[in-house]
Each structure stands twice: as C-alpha cells, then as structure tokens.
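Okay, structure first, notes after.
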Amino acid sequence: MDQNFFSSPRPGPVTGVAARVRKPDLFIVGAPKCGTSALHQYLGDHPRIYMSRKKEPWFFANDFPRFVTTLEEYVALFDGATDHDLAVGESSSTYLMSHTAARRIRDFSPDARIVVMVRNPVDLVHSLHSQALLGLNEEETDIEQAWRLQDARRRGEHIPRSCRSPRFLQYAEVARLGEQVERLLGVFDPRRVKIIVFDDFVNDARQVYEDVLEFLDVPSDDRRDFPRINPGRVARSRLLARIAYRPPQFLLRPYLRLKKRRGWNDLGFTDWLKRVNEREVDRPPLTASFRGELIEEFRPDVDLLAQLLGRDLSHWQTVPDHDQP
C-alpha cells in the first residue's frame, strides 16, 4: 500500500486491504476526560453503527506518539464494518488538540462527521491529572505542584521516566478548548461538526445520545440504559499498574508472539489487570484559591468557546461551594 497516502491533499485511489474495508466517516475527536469513552461505547452498541475495536488509535495525530502508525493497521480496525452500518467511526482524544489531525482526517474522509466533547477546563485539568497519575504519565500527586511544573516540563525537565506523552502534562494546553474548537471549525464545515457540552451529557445522556444519532442520520434504537463509563479511579498497587500500563519486555515479547501465532486481536490480560487493580474514588476538591487561579487562566478561552457555541458558559467561571467529583 502507498505509504505516501497523506503526502498530497488529493490522495489517489486506495488499493489492497483498504479498498475492501469500510473507511470511517465518524470521528470523535476529543477532548480527553469529556465523556468520549462513554459515547464511543454507547454508539458502538447501536446495531447500525460500527465503532473501531480499539479506541484511541491516534492515527491522524502525527504530532503525537501514535499507537497505530500504518494505514494497513488503521483500516484493519474497521474490518468488521459492513454495508449494513450507517456510520463507521473511531475515537481519539488527541485529534482536537493536534495541529495536524483535522486536515489529515479531511483528506482521508472529506465527508466525515466530527463529534467534539467539551468541558469546564478547570474540571478537565482536575480529571486529567488524576488520569495521568493512574496511567503513569504523572508522578506528582499534588495537582497544584503539577500545574506549576508545566514551564519546566516544557523544557524537558521533571518528566517522569514512565511518561509516554509529555504533552499531556501541559495541562493548560490540553484544556484550552476554545482555541482548539476554533481551529477545527477552520477545517470542517460547521454543519458537519457536533459539539457536546459535558454538563449536558452528564445531566441527560439519553437526550445527547439521541441528538448524536440524529446528527449521524441513524435511526434511534430506543436505548434506555446509559451506565457510567471510565469513572475516576486510583491504583491499589503501583507495581501492578506498571505491569498493566507499562508491561516489562520479558512479559511483553511472549505476549505479542502468542497474539500473533494465535491470530488474536487482544488477550485482554492488561484490561483484566487494570480492573482488578483499580478502584473508583472521588477526587479531593480543589482549594478555592487554586480553582480561582485556574478560572482566571482559562477565562479568555472560555469566552471564545462560549462565542463559538453561542452559549452562556459563565457558570464555569465561578467558584462553587464544593468541587465537582
């Protein structure tokens, strides 16, 4: 297959495996910690929608370390899709933040439909820090100190050895959703973009789900059950977390050989280990002073996002009596 598929804004015809597989036309592009995992699962359960087996391939975000790097690997994520499916999609939380993904998606799938999920940036930073600790990207347990390390980390200092994606330690960059949405809308026709506010998703997941189906021109499946997906968690054992998230080479090599020999897509061991080792928790609240500092940091960007959405987001810019779980 042509490895220069993306070298031109007008790629030629696709041959081989890619020609036999339905290309995705639905992309949930982020942001992280805004409900993308839940929406991916809900849509994947719909009988007329095919969502990729692997969430987070990051294929089009070539300014990030990608999990799927070749077109052959990428299209194989959709080899179960058929003409019966009215939408074929994937979810990668890096795409909104990426400076390259939107144009690469457009070149690959000009008629793509894009779903964006946004959230109060202060709560996003709080949740992202917890997730970074769980996934071993972060080792500074104090969120205020982690926030103040951003400048040093931008210079390559104080980055944990186990961190795979240092850019996700730039909490302010990740959470500036107004400028990211503005960049995306400069690439895609706004009529092909659906923006979901996390507050709405939490308050009425069914209504948001139905709105997304309408956006995709997919009939309702009358779904009523919307279980909580990917809640806040902490690891019981740091050692088991390292095995689950960063398996050592002496375990990883035989694991990969067995997968290849048996033709299995995934043995599920690491997922099982994560479930066993992790427990749900409510995050401790931010101090009022630190929340106020973050509100001021993000105020211009929230104003921009409110303008783009045509929606009042002023409630994001006040300090509540208690923090959001």
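Please treat every number below as a calculation from the coordinates, not as lab data. In this text, all values refer to a predicted model and were calculated from it rather than measured experimentally. Every residue, glycine among them, receives a Cβ derived from its backbone with ideal geometry; neighbour counts consider all protein chains shown.
If you plug the beta carbon distance of E182 and D83 into 1/(1 + (r/R0)^6) with R0 = 45 Å, you get a FRET efficiency near 0.80.
Take the Cα of D199, step 7 Å toward its Cβ, do the same at R155, and the gap between the two points is 3.9 nm. What the Cβ-Cβ distance of S314 and E144 gives, at R0 = 22 Å and to the nearest 0.05, is a FRET efficiency of 0.35.
For the stretch 171-212, a simple Cβ point-charge model (Lys and Arg +1, Asp and Glu -1, everything else neutral) yields a dipole of about 180 debye relative to the Cα centre. Assuming charge only on the beta carbon of Lys and Arg (+1) and of Asp and Glu (-1), the dipole of the stretch 15-92 about its Cα centre is about 100 debye to the nearest 20. On a C-alpha basis, how far is the centre of the stretch 280-320 from the centre of the stretch 32-103 in Å? Whole number, if you could? Computed from Cα coordinates, the inter-centre distance equals 28 Å.
Less than 5 angstrom separates the built amide H of A81 from those of R22, all sequence-distant by 5 or more or on a different chain. Rounded to the nearest 20, the Cβ-based charge dipole of the stretch 56-169 about its Cα centre (Lys and Arg +1, Asp and Glu -1) stands at 480 debye.
Remark: the R53-L304 segment gains 86.9 nm on full extension, using 0.36 nm per residue and subtracting the alpha carbon distance.
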